[in-house]
Every structure is written in structure tokens, then in C-alpha cells.
Amino acid sequence: MVTIKTIADLAGVSPTTVSNVIHGRTGRVSPDTLKKVQTILREEHYVSNMGAQILGRHGSKLIALVVAYRPYERESLLEDPFVSSVTASVEQTVRENGYFMMLYNNPDMKECLRMARAWNIEGMILLGAQREDYFMLRTELKMPIVSIDTCYLPGDKNFVNVGLCDYEGAFEMTEYLIHCGHTRIGFLALMQNTGNRDFIYVDGERERGYMDAMAHHGLKVEKEWVTKLEFCELDRFAQYVRIADNGFIGCTALFFASDTMAIEAMFAFYNRGKHVPDDISIAGFDDSRLARRLRPRLTTVRQDFALKGRRSVEELIRLIQDSEYSSNVLLPVTLVKGESVKKIK
């Protein structure tokens with residue numbers, strides 16, 4: 001293997017001079033020496049040691065994407081359509097801007113902190129982290145960090161988050177269901193995987209949009225219409241069966257906080273001899289690839305996965321270039337009218 005010392009011996013210069021040429025620090029290298037070293041590098045087919053560059057002191061060009069969601073199934077979260085789409089977009093945008101991406105899938109922020117300290121990363125993107133985790137990492141690492149889909153309080157300052165108009169999307173979907181003649185509409189979302197078992201943030205905003213739309217039209221929401229779904233897949237499917245067997249909790253339409261849950265429920269209902277939309281209307285949120293291919297085509301709220309990933313990288317690079325922490329980016333959503341909602345008289 002050709003090393004920097006090998007090149008230095010062949011060129012009759014110091015290893016430091018060769019390293020400066022390799023890393024573009026040529027201000028103190030004479031034109032003749034620069035040309036000589038570059039020629040030998042080409043002739044010897046030198047390949048730089050990326051590990052050494054990453055651990056160097058002159059900028060690693062390395063950005064970490066931390067997937068901080070707590071898994072709710074046995075499969076890797078990277079198999080989730082949303083997570084995989086955002087990850088692909090982040091990687092492409094990072095590469096287009098001359099950086100490298102490190103992917104770290106771990107909800108344990110202490111482990112994330114250890115990882116970040118072990119590598120000379122220039123910035124971090126947190127996908128699905130809590131606000132407390134974000135501020136802890138900001139304080140400990142003192143590096144540019146952008147979050148995706150994190151909830152912040154009105155008084156919070158010095159953060160950058162890329163999220164969605166979740167509230168507006170849920171309000172619009174609920175209004176659409178009402179305009180289709182549905183007045184008994186259920187809202188279903190995953191439980192938080194913690195002791196208090198509250199709704200996770202984005203689902204909380206979507207629930208709020210649903211509740212406000214129902215109130216806006218003077219419709220009362222019965223307690224049983226708002227259902228928290230289990231994180232365990234087997235338990236969740238048992239819930240779907242109970243919902244189907246008990247008259248769909250008294251509703252004519254069910255609005256799920258994500259396409260994943262909506263599609264699961266459609267399959268579970270089908271196995272119980274219930275058909276969408278004849279027996280029950282179903283709506284989701286996200287417009288995942290599967291939702292677009294499913295028949296009946298799922299009625300849902302579309303978010304642009306690629307835009308969310310791309311914008312997070314653009315915001316991070318802005319921070320790396322010494323801009324201020326001052327933005328909460330809320331990307332637009334669009335109502336998609338599919339075939340899973342029936343108009344009733």
C-alpha cells in the first residue's frame with residue numbers, strides 16, 4: 001500500500017508537505033514542488049485514507065444523520081417508507097454539497113453523544129428526536145444541529161427544525177370527511193412509547209387539527225372515537241379486529257395519523273369481511289408509496305419526503321456557514337382525494 005511517507009521519499013520532501021498537497025493546503029508549497037508531488041501521486045495511484053481525513057483537524061466534510069425514533073416493530077425503522085425516503089434525500093443532498101453522510105440509527109441520546117464525540121463531524125441532523133435531546137446535544141457538542149419533526153415550546157430559542165403543517169393538514173382532512181357527509185369520525189394514532197403514553201408530537205398536532213375541525217362544524221367528539229394504538233404490531237392488529245367487530249367505534253369514517261396504520265387497518269378489516277369504503281371510510285396522512293399503489297387508493301394528506309430531507313441539509317449547511325439558529329420551517333401539505341372515502345347522504 002502506498003503511504004504518504006512513500007510519496008514523500010520519492011519526491012524528496014517531508015510527509016507534511018505531501019499531506020498539505022493532498023488536502024489542498026498549498027499556500028506554502030512552491031509551484032514546482034506542488035507539480036512534482038501531484039505527478040508522483042498520480043503515478044503511484046495513491047488513494048487517500050478517508051479515516052485519517054475524517055479524524056483530521058481541517059474539516060471532515062462529514063454530516064451525521066441520527067434516526068432517533070423509538071422502534072415500534074421488530075423490523076428496522078429504516079424499512080419505514082417515511083424514514084427511508086427522508087434518509088435517501090438527505091444523503092443525496094449531502095453528497096451534492098460536497099459532504100459525506102454518516103447514518104446512525106439509535107434513540108439513545110447518550111450513545112449518540114458518544115458517537116458524535118468519537119468522530120470529527122461538522123454537523124448533525126436529528127430525525128424524530130425530543131426537544132430535550134436536541135438542546136442537550138447542542139449544549140454538549142457545540143456544533144450545528146438541525147432537527148426534523150421535533151416539537152418545540154413557544155418560548156424556545158436557538159434551534160432549527162424542519163417540520164410540516166401537521167395541524168393544517170389534519171384540519172383540512174377532517175373538513176373533507178365532513179363535507180363527504182361523515183359526522184361520526186374517529187381519530188387513531190400511535191401511543192407514545194413512554195410511561196405517560198401521550199400522543200407523540202406530530203400525531204398530537206394532527207389530533208388537534210381533527211378536534212378543532214370537528215368543533216368548528218359543531219360536531220361533538222365522543223371519547224371512544226379518539227383511539228391510541230399500541231406500539232406492538234400484534235397488539236395493534238388485535239385492536240383493529242376489535243374495532244371492526246364492534247361497529248368501528250360507532251364511526252362511519254376513521255382518520256389515521258399515518259398511512260402505515262391506515263393500511264394495516266384496511267387489511268385487518270378485510271380479513272374480518274369488512275370492505276373499504278363500503279363498510280367504513282378510511283383516511284391517512286403522509287401519502288406513502290404504498291398508499292399510492294393500494295386499491296382502493298388511500299385518501300390521505302401528502303407531504304414531500306424528499307423536500308423535508310433536502311431542506312434539512314440546506315438549513316444545516318447554512319448553520320455551518322455561521323448563520324443563526326432562528327427558524328422553524330413548516331413545509332406545506334396537500335389533500336389527496338383517493339377512493340377509500342365514501343360520500344354519504
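The values are calculated or read from the model by the stated rules, or taken from the named source; none is laboratory data. Everything quoted here is computed from the prediction, not taken from an experiment. Heads up, the Cβs are rebuilt from the backbone with ideal geometry, glycines too, and the neighbour counts pull from every protein chain shown. These accessible areas exclude ligands, DNA and RNA; they are computed on the full protein's heavy atoms, side chains included. Shrake-Rupley method; radii C 1.70, N 1.55, O 1.52, S 1.80 Å.
For region 141-163, what are the residues that are in contact with a strand residue (DSSP E or B) (Cβ under 8 Å, 6 or more places away or on another chain) and either farther than 18 Å from residue 125 by Cα or open to solvent by 10 Å² or more (accessible area, probe 1.4 Å) (or both)?
Of region 141-163, the ones in contact with a strand residue (DSSP E or B) (Cβ under 8 Å, 6 or more places away or on another chain) are 141, 143-150, 152, 159-163.
Within region 141-163, 141, 143, 144, 149, 152, 159 meet the criteria.
Using the structure shown, decide if residue 324 is at pLDDT 95 or above and not in a helix (DSSP H, G or I). Break it down into steps so the answer makes sense when it comes.
Details: at pLDDT 95 or above: no; not in a helix (DSSP H, G or I): yes.
So residue 324 does not fit the description; no.
Condition first: open to solvent by less than 60 Å² (accessible area, probe 1.4 Å) and touching a helix residue (DSSP H, G or I) at 6+ places or on another chain (Cβ under 9 Å). Now tell me which residues in region 89-106 satisfy that.
Looking only at region 89-106, we keep the residues that are open to solvent by less than 60 Å² (accessible area, probe 1.4 Å), and these are 89-90, 93-94, 98-99, 101-102, 104, 106.
Within region 89-106, 89, 90, 93, 94, 99, 101, 102, 104, 106 meet the criteria.
Got a number for residues in region 114-133 being within 19 Å of the chain's Cα centre (by Cα) and not small (Gly, Ala, Ser)?
Selection size over region 114-133: 8.
Report yes if some residue within region 8-20 is at pLDDT below 85 and within 44 Å of the chain's Cα centre (by Cα); otherwise report no. Steps first, answer last, please.
Taking region 8-20 and keeping what is at pLDDT below 85, we get 19-20.
After this cut, where a residue has to be within 44 Å of the chain's Cα centre (by Cα) as well, the list is 19-20.
Within region 8-20, one or more residues are at pLDDT below 85 and within 44 Å of the chain's Cα centre (by Cα).
Would you confirm, using the coordinates I've provided, whether residue 291 is more than 25 Å from residue 151 (Cβ to Cβ) and either open to solvent by less than 10 Å² (accessible area, probe 1.4 Å) or touching a Lys or Arg at 6+ places or on another chain (Cβ under 7 Å) (or both)?
Values: more than 25 Å from residue 151 (Cβ to Cβ): no; either open to solvent by less than 10 Å² (accessible area, probe 1.4 Å) or touching a Lys or Arg at 6+ places or on another chain (Cβ under 7 Å) (or both): yes.
It is false that residue 291 is more than 25 Å from residue 151 (Cβ to Cβ) and either open to solvent by less than 10 Å² (accessible area, probe 1.4 Å) or touching a Lys or Arg at 6+ places or on another chain (Cβ under 7 Å) (or both).
Taking the condition of being in contact with a Phe, Trp or Tyr (Cβ under 8 Å, 6 or more places away or on another chain) and farther than 10 Å from residue 317 by Cβ, how many residues in region 86-102 meet it?
So the first thing to find is which residues in region 86-102 are in contact with a Phe, Trp or Tyr (Cβ under 8 Å, 6 or more places away or on another chain), and the list is 86, 89, 94, 102.
Now restrict to residues that are farther than 10 Å from residue 317 by Cβ: 86, 89, 102.
The number of residues fulfilling the criteria is 3.
Return the residues of region 264-276 that are surrounded by fewer than 20 Cβ atoms within 10 Å (Cβ to Cβ) and either of a type in the set (Ser, Thr, Tyr) or more than 25 Å from the chain's Cα centre (by Cα) (or both); say none if nothing qualifies. Explain how you work it out, then say what you get.
As a first pass, look at region 264-276 and keep what is surrounded by fewer than 20 Cβ atoms within 10 Å (Cβ to Cβ): 264, 267-268, 270-275.
267, 268, 270, 271, 272, 273, 274, 275, listed by residue number.
Scan region 232-242 and tell me whether some residue there is in contact with a strand residue (DSSP E or B) (Cβ under 8 Å, 6 or more places away or on another chain) and hydrophobic (A, V, I, L, M, F, W, C).
No, that holds for no residue.
Would it be correct to say that residue 301 is buried (at least 17 other Cβ atoms within 10 Å of the Cβ), at pLDDT 95 or above and over 20 Å from residue 177 (Cβ atoms)? Full working, then the answer.
On the way: buried (at least 17 other Cβ atoms within 10 Å of the Cβ): yes; at pLDDT 95 or above: yes; over 20 Å from residue 177 (Cβ atoms): no.
So residue 301 fails the test.
Can you go through 87, 150 and tell me which one is polar (S, T, N, Q), farther than 13 Å from residue 309 by Cα and within 15 Å of the chain's Cα centre (by Cα)?
Details: 87 fails: farther than 13 Å from residue 309 by Cα.
Criteria check complete, one pass: 150.
How about region 26-40: which of its residues are open to solvent by less than 70 Å² (accessible area, probe 1.4 Å) and in a loop (DSSP other than H, G, I, E, B)? Step through it out loud before you land on a result.
So the first thing to find is which residues in region 26-40 are open to solvent by less than 70 Å² (accessible area, probe 1.4 Å), and the list is 26, 29-30, 33-34, 37, 39-40.
Across region 26-40, the qualifying residues are 26, 29, 30.
Looking at the structure I just gave you, is residue 209 open to solvent by 20 Å² or more (accessible area, probe 1.4 Å) and of a type outside the set (D, E, K, R)? Full working, then the answer.
Values: open to solvent by 20 Å² or more (accessible area, probe 1.4 Å): no; of a type outside the set (D, E, K, R): yes.
So residue 209 does not fit the description; no.
Could you check, for region 216-226, whether at least one of its residues is free of Cβ contacts under 8 Å to residues at least 12 places away in the same chain, open to solvent by 10 Å² or more (accessible area, probe 1.4 Å) and under 20 Å from residue 82 (Cβ atoms)?
no
Any idea which residue in region 244-263 is most open to solvent (accessible area, probe 1.4 Å), counting only those that are over 30 Å from the mean Cα position of the chain (by Cα) and of a type outside the set (Gly, Ala, Ser)? Before you say what the answer is, go through the steps one by one.
Taking region 244-263 and keeping what is over 30 Å from the mean Cα position of the chain (by Cα), we get 244-252.
Now narrow it down to the ones that are of a type outside the set (Gly, Ala, Ser): 245-246, 248-249, 251-252.
On the way: 245: 82, 246: 111, 248: 15, 249: 36, 251: 10, 252: 36 Å².
Once the filter is applied, the top-ranked residue is 246.
State the number of residues belonging to region 9-19 that are without any contact (Cβ under 8 Å) to a residue 24 or more places away in the chain, farther than 13 Å from residue 35 by Cα and in a helix (DSSP H, G or I).
Number of matching residues: 4.
Read through the list (1) open to solvent by less than 10 Å² (accessible area, probe 1.4 Å); (2) closer than 24 Å to residue 147 by Cβ; (3) modelled with pLDDT under 95, then give the number of the only condition that residue 236 fails.
With (1) open to solvent by less than 10 Å² (accessible area, probe 1.4 Å); (2) closer than 24 Å to residue 147 by Cβ; (3) modelled with pLDDT under 95 applied to residue 236, the lone miss is (2).
Does residue 318 count as under 14 Å from residue 90 (Cβ atoms) and either in contact with a strand residue (DSSP E or B) (Cβ under 7 Å, 6 or more places away or on another chain) or not hydroxyl-bearing (Ser, Thr, Tyr) (or both)? I'd like the intermediate steps shown before the answer.
Values: under 14 Å from residue 90 (Cβ atoms): no; either in contact with a strand residue (DSSP E or B) (Cβ under 7 Å, 6 or more places away or on another chain) or not hydroxyl-bearing (Ser, Thr, Tyr) (or both): yes.
It is false that residue 318 is under 14 Å from residue 90 (Cβ atoms) and either in contact with a strand residue (DSSP E or B) (Cβ under 7 Å, 6 or more places away or on another chain) or not hydroxyl-bearing (Ser, Thr, Tyr) (or both).
Please work out if residue 268 is assigned to a helix (DSSP H, G or I), under 16 Å from residue 182 (Cβ atoms) and out of contact with any strand residue (DSSP E or B) (no Cβ under 9 Å at 6 or more places or on another chain). Please lay out each step first, then the result.
Working: assigned to a helix (DSSP H, G or I): yes; under 16 Å from residue 182 (Cβ atoms): no; out of contact with any strand residue (DSSP E or B) (no Cβ under 9 Å at 6 or more places or on another chain): yes.
So residue 268 does not fit the description; no.
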